[in-house]
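The values are calculated or read from the model by the stated rules, or taken from the named source; none is laboratory data. Since the model is a prediction, treat every value here as computed from it, not as a measurement. Heads up, the Cβs are rebuilt from the backbone with ideal geometry, glycines too, and the neighbour counts pull from every protein chain shown. Keep in mind that these areas ignore ligands, DNA and RNA; they rest on the heavy atoms of the full protein, side chains included. Shrake-Rupley method; radii C 1.70, N 1.55, O 1.52, S 1.80 Å.
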Amino acid sequence: MRTRNKPWAAERLADYPHYAVPVPENVKGNWSEDFGNHNPLHIEVGTGKGRFVTEMARANPDVNYIGIELSESVIVTALDRVIEADLPNVKLLNINAEDLTAVFEKGEVHRVYLNFSDPWPKNRHEKRRLTYKKFLDLYKTVLPEKGEIHFKTDNQGLFEYSLQSFSAYGLLLTYVSLDLHKSDFEGNIMTEYEEKFSNKGQRIYRCEVQYQ
Ligand code: SAM
């Protein structure tokens, strides 16, 4: 995602610690207390500008959502959305997905969403793909038994790679659509990238997989 550097972003995030949790390591094992309920926790890794987590939180008040985003300059836009929505069940973390296990206990996350993850098409960048086995290990460490990953993308190469990666890892494929917007899937919430690509006529691939 190309975004201008925003030197003021860190200060803005620091002004809203309730929404953009400043030291999430301190909340590890206590996210239920932080949200003030024992509802399931779903995370989106690579949340970008935050439309998905915010609209999912609005549509599903009995689920807690956390959007995880590496780029400070991007997550600050998600923060604006979250502030405007003013919902009790959505928060943001400005961290690298590689640090997931530093902020969540085993079983503390009930579902992982990956939406329009960066494709990193060159073979030498495979390890950066969020569906590479190293990341599947990390998700497994924070999910419960039979935890789920829900993944969608416009990128056919990344989708095929990810299906192979999930399969090689032993994940069970429980749902697949090769054209989400023409399928009977209900309740789809469009992400910023999804809207951009589908407006260009690109089809959207989606799958759900489960750890065994
Ligand atoms: N999910 C959003 C959407 O569908 O509109 C954003 C998609 S954008 C192509 C991918 C986002 O993932 C970028 O904002 C990028 O900074 C973030 N990202 C990439 N690798 C990450 C990582 N290791 N940890 C956290 N975020 C990451």
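State yes or no: is His38 open to solvent by less than 70 Å² (accessible area, probe 1.4 Å) and not charged (D, E, K, R)? Criteria not met by His38. Residues of the range 86-122 that are assigned to a helix (DSSP H, G or I) and surrounded by fewer than 16 Cβ atoms within 10 Å (Cβ to Cβ): Glu98, Asp99, Thr101, Ala102. Looking only at the range 53-85, residues that are touching a strand residue (DSSP E or B) at 6+ places or on another chain (Cβ under 8 Å) and open to solvent by less than 10 Å² (accessible area, probe 1.4 Å) come to 12 in all. Among the residues of the range 170-185, the ones that are more than 20 Å from the chain's Cα centre (by Cα) and over 17 Å from Thr153 (Cα atoms) come to 2 in all. Taking the numbered list (1) open to solvent by 50 Å² or more (accessible area, probe 1.4 Å); (2) among the hydrophobic types (A, V, I, L, M, F, W, C); (3) within 13 Å of the ligand (Cβ to nearest atom) in turn, Val176 passes all entries but (3).
Residues are listed down the side, and each one gets a yes or a no for (1) among the basic types (Lys, Arg); (2) in contact (Cβ under 8 Å) with a residue 12 or more places away in the chain; (3) within 16 Å of the ligand (Cβ to nearest atom); (4) in contact with an Asp or Glu (Cβ under 8 Å, 6 or more places away or on another chain):
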{"residue": "Glu25", "(1), (2), (3), (4)": "no, yes, yes, no"}
{"residue": "Ala59", "(1), (2), (3), (4)": "no, yes, no, no"}
{"residue": "Val63", "(1), (2), (3), (4)": "no, yes, no, no"}
{"residue": "Ile66", "(1), (2), (3), (4)": "no, yes, yes, yes"}
{"residue": "Glu69", "(1), (2), (3), (4)": "no, yes, yes, no"}
{"residue": "Glu72", "(1), (2), (3), (4)": "no, yes, yes, no"}
{"residue": "Val76", "(1), (2), (3), (4)": "no, yes, yes, no"}
{"residue": "Arg81", "(1), (2), (3), (4)": "yes, yes, yes, no"}
{"residue": "Leu92", "(1), (2), (3), (4)": "no, yes, yes, yes"}
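Looking only at residues in the range 180-202 that are acidic (Asp, Glu) and open to solvent by 40 Å² or more (accessible area, probe 1.4 Å), the one that is farthest from Glu145 (Cα to Cα) is Glu195.
Of all the numbered requirements in (1) out of contact with any helix residue (DSSP H, G or I) (no Cβ under 8 Å at 6 or more places or on another chain); (2) closer than 28 Å to Asn37 by Cβ, Gly157 misses one, and that requirement is (2). For Lys49, state whether it is among the charged types (D, E, K, R), in a loop (DSSP other than H, G, I, E, B) and open to solvent by 70 Å² or more (accessible area, probe 1.4 Å). Against the criterion (among the charged types (D, E, K, R), in a loop (DSSP other than H, G, I, E, B) and open to solvent by 70 Å² or more (accessible area, probe 1.4 Å)), Lys49 qualifies. Taking the criterion of being away from the ligand (no atom under 14 Å from the Cβ) and either at pLDDT below 95 or out of contact with any Asp or Glu (no Cβ under 6 Å at 6 or more places or on another chain) (or both), the residues of the range 110-126 that qualify are His110, Lys122, Asn123, Arg124.
Here's the yes/no breakdown for (1) open to solvent by 50 Å² or more (accessible area, probe 1.4 Å); (2) within 15 Å of the ligand (Cβ to nearest atom); (3) among the small types (Gly, Ala, Ser):
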{"position": "Arg128", "(1), (2), (3)": "yes, yes, no"}
{"position": "Pro144", "(1), (2), (3)": "no, no, no"}
{"position": "Lys152", "(1), (2), (3)": "no, yes, no"}
{"position": "Ser165", "(1), (2), (3)": "no, no, yes"}
{"position": "Ile204", "(1), (2), (3)": "no, yes, no"}
